[in-house]
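> Supplied in structure tokens, the structure appears directly below.
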């Protein structure tokens with residue numbers, strides 16, 4: 001007989017492991033795509049311009 005904690009772990013944590021692995025793989029692919037695009041185009045100037053306009057140093 002399983003306790004409530006073990007049942008929770010089996011149902012929600014271990015049961016969602018394939019979904020979390022899939023989401024992590026998608027996120028990794030998106031970040032690699034962003035890195036590839038930014039190595040061809042100058043994305044740093046876009047991001048730095050945005051940061052410089054939103055952050056003010058006093």
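Since every read-out is calculated from the coordinates, none of them should be taken as a lab result. What you see is a predicted model; the values in this text were computed from it and never measured. Here the Cβ positions follow ideal geometry from the backbone for every residue, glycine too, while neighbour counts run over all protein chains shown.
> Could you give the length gained on full extension between residue 39 and residue 14, defined as 0.36 nm per residue of separation minus the Cα-Cα distance, in nm?
On the way: separation 25, 0.36 × 25 = 9.00 nm, distance 3.77 nm.
Roughly 5.2 nm would be gained on extension.
> Still on this structure, I have one more. For an R0 of 30 angstrom, estimate the FRET efficiency from the Cβ-Cβ distance between residue 31 and residue 6 and round to the nearest 0.05.
Values: r = 35 Å, r/R0 = 1.17.
It comes to 0.30.
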